[in-house]
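Everything below concerns the one structure shown next.
The values are calculated or read from the model by the stated rules, or taken from the named source; none is laboratory data. Only a predicted model underlies this, so the values are computations on that prediction, with no experimental measurement involved. Note that each Cβ is placed from the backbone with ideal geometry, even for glycine, and that neighbours are counted across all protein chains shown.
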Amino acid sequence: MNTLNKTLTCTVAALTFATALYASETDVLVINEEITIPTSAPAPEGSPLDKVISGWSFRKHETQALQMDDFDNPSFIFVDKASDQWTKVEGTEGKSCASCHEDVEAFKGLRTVLPRWNEAKSELYSMENYINDCRTERMGAEPWKWSKGKMTAMTALISLQSRGLPMSVKTDGPVEPAMKLGKELYYTRVGQLDMACSNCHEDNYGVMIRADHLSQGQINGFPTYRLKNSKLNSTHARFKGCMKNIRAKPFGQGSAEFKALELYVASRGNGLSVESPAVRN
Amino acid sequence: MRRISFAALSTVLISTSAFAAEVAPGDVSFDENGGVSASITSVAGDPVAGKAAFINRKQGNCLACHINDDASGQSFHGEVGPSLNGAASRWEEAQLRGIIVNSKLTFEGTIMPSFYRATNGARTMEKFAGKTILTAQQVEDVLAYLKTLKEE
């Protein structure tokens, strides 16, 4: 019984079958009829994949369409809220984000390099960490919860400034131990169902798993608005959901483990364009 | 089908007892191909209950990964694994039981979960810790159901 052959045959069959319902890699993501975003890219060095493909390519046409116009994309309700938040004075220092950062457009490109090593803190930093440092250390305000509404709205607003730019997280230097941990987590089977991220997102992308079309599990579209829960979802919340589905105890949102996994998964998608805030089912 | 009559017989025998004898997950014995020749309960498998467990998303959830035309009333059949149409014509009973109990011993490194195994993956949620995905009886029920999936 040649397992590999079987799986390959299945994958090919599923891809052929799926072309009618789902977009193929040749489908082009054009947003607002003006921003063309490539939805695949050559795989980065050392990648086990032939090429990297955005999760958008695996969604049904009607879900895809929602991401093709910012008026239809429900994420923008939250992005608008974050724009209001941007100028809102909070905390003991009497400051808003705008007091120091002026225009949010200055964050163009930031999303493509996160998570990254924060030298001053000697720690791997996700965007949420930077935002909360500003709130607690510079504004004298309460930190936001990792995946709660105000935080995901703000990360959406900041990530949007990088839309269309290729992901390019750094994988060497001080982040090497985190990369190693992230990779280990990606390939380790967990939970009662005893599966690893790779079993679904590397070995079986392009294939239907019950009602869902498996993607490569890329994070270039995060935070993403999900039709399932009608809100923006952080990367870590998505990781949590996938772990719970295989009946594994998730790591904490904002934990060293999930940040390491975020870095490793981001690195697997280096070269893919930022689509945040994307729409998924 | 000698085993069936044996199983039927044992059903009669144990019917006076409140408990059906079950082989514990750690005690199942496999042949060198990952097959399990002996039933793991003393109650014959029920194909109707087996179909229900096969479909149930919290039990077998077999449709997550397999097409099965016999369950065409259910929407969404996954394609991660091969179609199970005619599975009983391709596989012996012992092998089918082994595939359900612990598929990894038939298909090395498979994504298919092991439904009746003593150990779970790391970090299994408390709620499921120390538990098998299917009960011994459900394994025999699903097996009885699979055995009805014959080539036309």
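Give the residues of region B:97-115 that are in a loop (DSSP other than H, G, I, E, B) and not aliphatic (A, V, I, L, M), sorted by residue number.
B:T106, B:F107, B:E108, B:G109, B:T110, B:P113, B:S114, B:F115
Looking at (1) more than 30 Å from A:D70 (Cα to Cα); (2) free of Cβ contacts under 8 Å to residues at least 12 places away in the same chain; (3) not basic (K, R), can you tell me which one A:G173 breaks?
Answer for A:G173: the failing condition is (2).
Look through region B:116-146, keep the residues that are small (G, A, S) and part of a helix (DSSP H, G or I), and return whichever of them is nearest to the other protein chains (Cβ to nearest Cβ).
B:A136
Among the listed residues A:L232, A:L193, A:L263, identify the single one that is part of a helix (DSSP H, G or I) and not assigned by TED's automatic domain parsing to the domain that holds A:L114.
Result of the check over A:L232, A:L193, A:L263: A:L263.
For B:G73, are the conditions met, namely being surrounded by fewer than 22 Cβ atoms within 10 Å (Cβ to Cβ) and either more than 9 Å from chain A (Cβ to nearest Cβ) or in a helix (DSSP H, G or I) (or both)?
Judged against the criteria, B:G73 is a match.
Within region A:1-28, work out how many residues are of a type in the set (A, V, I, L, M), at pLDDT below 50 and either surrounded by fewer than 13 Cβ atoms within 10 Å (Cβ to Cβ) or assigned to a loop (DSSP other than H, G, I, E, B) (or both).
The total comes to 6.
Determine if region B:89-105 includes at least one residue that is of a type in the set (S, T, Y) and either in contact with a His (Cβ under 7 Å, 6 or more places away or on another chain) or within 14 Å of another protein chain (Cβ to nearest Cβ) (or both).
yes
Quick check on region B:50-70: of everything there that is within 12 Å of chain A (Cβ to nearest Cβ) and among the aliphatic types (A, V, I, L, M), which residue is surrounded by the most Cβ atoms within 10 Å (Cβ to Cβ)?
B:L63
Could you run through region A:125-173 and say how many residues are in a helix (DSSP H, G or I), over 25 Å from A:R226 (Cα atoms) and polar (S, T, N, Q)?
So the answer is 1.
Condition first: within 14 Å of another protein chain (Cβ to nearest Cβ) and on the phi > 0 side of the Ramachandran plot. Now tell me which residues in region A:218-275 satisfy that.
Matches in region A:218-275: A:R247 only.
Within region A:183-217, which residues are facing chain B (nearest Cβ under 10 Å) and on the phi > 0 side of the Ramachandran plot?
Hits for region A:183-217 are A:G191, A:D194, A:G206, A:R210.
What residue, of B:A21, B:A8, is more than 29 Å from A:R189 (Cα to Cα), in contact with a Ser or Thr (Cβ under 8 Å, 6 or more places away or on another chain) and either more than 10 Å from chain A (Cβ to nearest Cβ) or modelled with pLDDT of 95 or more (or both)?
On inspection, the qualifying residue turns out to be B:A21.
Just give me the residues in region A:176-218 being surrounded by 21 or more Cβ atoms within 10 Å (Cβ to Cβ), out of contact with any Ser or Thr (no Cβ under 9 Å at 6 or more places or on another chain) and closer than 17 Å to A:A256 by Cα, in sequence order.
The answer is A:A178, and nothing else.
Say we look at region A:29-68 and pick out the residues that are part of a helix (DSSP H, G or I) and in contact with a Phe, Trp or Tyr (Cβ under 7 Å, 6 or more places away or on another chain); which of these is surrounded by the most Cβ atoms within 10 Å (Cβ to Cβ)?
Among residues in region A:29-68 that are part of a helix (DSSP H, G or I) and in contact with a Phe, Trp or Tyr (Cβ under 7 Å, 6 or more places away or on another chain), the one surrounded by the most Cβ atoms within 10 Å (Cβ to Cβ) is A:F58.
Looking at region B:96-130 only, could you name the residues that are among the basic types (K, R) and more than 16 Å from B:D27 (Cβ to Cβ)?
Answer for region B:96-130, where residues must be among the basic types (K, R) and more than 16 Å from B:D27 (Cβ to Cβ): B:K104, B:R123, B:K127.
Provide a single number: the residues in region A:77-110 that are modelled with pLDDT of 95 or more and farther than 27 Å from A:N270 by Cβ.
Total satisfying the criteria: 22.
In region A:43-75, which residues are of a type in the set (A, V, I, L, M, F, W, C) and over 15 Å from A:V28 (Cα atoms)?
Correct list: A:A43, A:L49, A:F71.
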